[in-house]
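The values are calculated or read from the model by the stated rules, or taken from the named source; none is laboratory data. Keep in mind it's a predicted model, so treat the numbers as computed, not measured. FYI the Cβ positions are ideal-geometry reconstructions off the backbone, even for glycines, and counts take in every protein chain you see. Side chains included, ligands, DNA and RNA excluded: accessible areas come from the protein's heavy atoms. Shrake-Rupley method; radii C 1.70, N 1.55, O 1.52, S 1.80 Å.
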Amino acid sequence: MSTVLARQNRLKIVSLLSPAYIWLTVAIFLPLSAMLYFSFLSDVPFGDAEWHYTSENYQAFFQTSTYATLLWKSIKLGLTVTVISVLVGFPCAYVLAKAIKGKSREALFLLVILPFWSNSLVRIFCWAIVLRGNGVLELGLNAILPFEVDVNLMFSTPAIVIGLVHSYLPYVILTSYLALQAIDDNLIDAARSMGANKLTILWRVILPLSLPGLLAGAVLIFVPVVGSFMEPRILGGRVGTYFGTVIEDQFVAVFNWPLGAALSFILLAVVLVILATASPALRRAQT
Amino acid sequence: MKNTYLVWAGKVWLGLILFFLYAPIIVMAFMSFNASQYYQLPFDFSLKWYEKLGQNTEILNAATRSILIALATTVIATILGTAASLALFRFEFRGKRFLQVMLFPPIAIPWLITGTAMLIFFYGVGLGRGTPSVLIGHVALALPYVIVVVSARLATFDPTLEEAARSMGADSWTVTRRVTLPWIASGIIAGALFAFAVSFDQFVVSYFLSEPGDSTLPVLIYTSIRKGFTPEINAISTIIIVISMAVMLFAARFSNFGGER
């Protein structure tokens, strides 16, 4: 009887799960394996192209400093955007979680995370209009300030950073807010009644308790920024060459897919190391 | 009430952030109603960019394609995702933890990596670029979101309700249809809206997988921006942002996001 039931259950489990997981395998996991394979080829194995196995795509990364420099540039961009977003976003999450109550809190929270779910490309395009020379920012500043200023941030690193912070800031606000909301107000009151000042409360009570959420937000920002290419392209112009844009070029301009695959895999390795390092904190943030 | 100043400073900070988040979007929308092609002020109200948009078959075709792909993604990802969530909720089996972990790579790995990997693989198996490849990619990206959202809703479901229905003689399909699905309906709707948003706003993966001249709306916008932008793009961008924000507002209503209702 129990074996019949077990078999029936197994059939149900398989029939419910397999469509979704076969789809994920075909569209995500097989492609990643195919990319690993490609990264060890000398040329694409389509048509009658000559190809053989080689590690020269990876050697290219280590022999010339170009790619390593660009990867470091991308990592620095990721760190800059993450640090700014955390510094700007955490106080905002704190205000939302602790200083505002009731219906208006829900509405404001929704308002903060709503842009995040709208089209990222369109939002970067918005900044292109605001930041360009003779653009809205320049006109606006000149209307307010008594002296003439010349603001042309377009095609510069600050423009890329502004655009990326705008894109990913809601992440850290979201995760910090959820963590802060879980902190019992009585705990803060208790610390205060025992004579702790505001800084001590922040440093010894609030930060440690909300750290998992803060870290989760930081990782969620850092990872996509390291792999970004569209934002640097639109807002950075000529200074917008990063590791991501080089990978993009291999696939859409230079057509050196094996090299692109190798570079993608190096990027993936960086991402995985970061996710693995942060995973204990991420797991705590989940619960 | 020493705290008042701090609270006020905090609220001002929140206001500044909201300004930072919305000002560029409002500027862009504003400019789509401005007659000047070079975004010149003073503002001169005009609907001409929207009229031009109505005649631009390239953009309209891309918009239609984007919407159709997003609808197909929504249907497929919602059905497959809900089925998987039900199995993950109802049964204990070996490897379950592994299957749950498998949902993270599509969300966590940068889309640049996923997109280029899909391009290589779909070329390798002879499918190449084009709408079918884009659809396969979008469903895979949307599936984890559906499973996470529906599972979160299922977590609030009391399994003894299923047992009760079963003990009164309902077969398992009836139990699912009459007891479980109605309970998690709001989760399924939220998941479906998330899936639509993931697909409709997807740029990176579509960019690598769509055929030139046969692209989705975001891809077309990207190539147009790089050629030099016109207020026509503002007009279509304004429409896109209104659609995706409306979809997400609905999703937030159904998924009970950010507070109890």
Q | Calculated FRET efficiency for the pair B:V125/B:R177, C-beta based, R₀ 56 Å, to 0.05 | A | 0.90
Q) Under 29 Å from the Cα of B:K96, which lysines turn up, not counting those fewer than eight places away in the same chain? A) A:K12
Q: State the percentage of accessible surface on region A:147-258 attributable to carbon and sulfur atoms; use a 1.4 Å probe and exclude ligands, DNA and RNA.
A: 63 percent
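Within 10 Å of each Cβ in peptide B:135-145, how many partner chain Cβ atoms are there on average? Round it to a whole number, please.
3
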Q: Using label points projected 7 Å from each Cα along Cα→Cβ, tell me how many nm separate A:A276 and A:A253, to one decimal.
A: 3.3 nm
Q) How much mean residue ellipticity at 222 nm does the protein assembly as shown get from its helices, if each DSSP H run of length 4 or more adds -39500 (n - 2.57) and you divide by all residues, to the nearest 500 deg cm²/dmol? A) -23500 deg cm²/dmol
Q: Round to a whole angstrom and tell me the spacing of the C-alpha centers of region A:34-67 and region B:128-150.
A: 28 Å
Q) Top mean-square fluctuation among B:I107, B:I17, B:I236, Gaussian network model of chain B, C-alpha springs under 10 Å? A) B:I17
(Q) Springs between alpha-carbon pairs under 10 angstrom, Gaussian network model over chain B: which of B:L135, B:L119, B:L99 fluctuates most? (A) B:L99
(Q) Less than 19 Å apart at the alpha-carbon level, and either on another chain or at least 8 residues along: which aspartates and glutamates does that give for B:K227? (A) A:E231, A:E248, A:D249, B:E58, B:E211, B:D214
(Q) So for chain A, considering every pair of alpha-carbon atoms, how many percent are separated by more than 33 Å? (A) 43 percent
Q.
Cross-link candidates for B:K11: which lysines have Cα within less than 25 Å, leaving aside residues fewer than 8 places away along the same chain?
A. A:K98, A:K101, A:K103, A:K198, B:K2
Q: Choose one answer from B:A185, B:A165, B:A117: the residue with the largest mean-square fluctuation in a GNM of chain B with alpha-carbon springs under 10 Å.
A: B:A165
Q. Volume per residue, Å³, of the convex hull around the alpha-carbon atoms of the protein assembly as shown?
A. 191 Å³
Q: Apply 1/(1 + (r/R0)^6) to the Cβ-Cβ distance of B:V75 and B:L249, taking R0 = 25 Å, and write down the FRET efficiency to the nearest 0.05.
A: 0.70
Q. Whats the longest run of chain A with zero GluC sites (Glu not before Pro) that are DSSP loop and have at most 16 other Cβ atoms within 10 Å?
A. A:149-287
Q. Is the shape of chain B rounded, prolate or oblate, going by the alpha carbon gyration tensor and its root eigenvalues a ≥ b ≥ c, with a/c under 1.5 for rounded and a/b larger than b/c for prolate?
A. oblate
**Q.** Excluding exposed DSSP-loop chymotrypsin sites (Phe, Trp or Tyr not before Pro) (at most 16 other C-beta within 10 Å), longest clean stretch of chain B
**A.** B:158-261
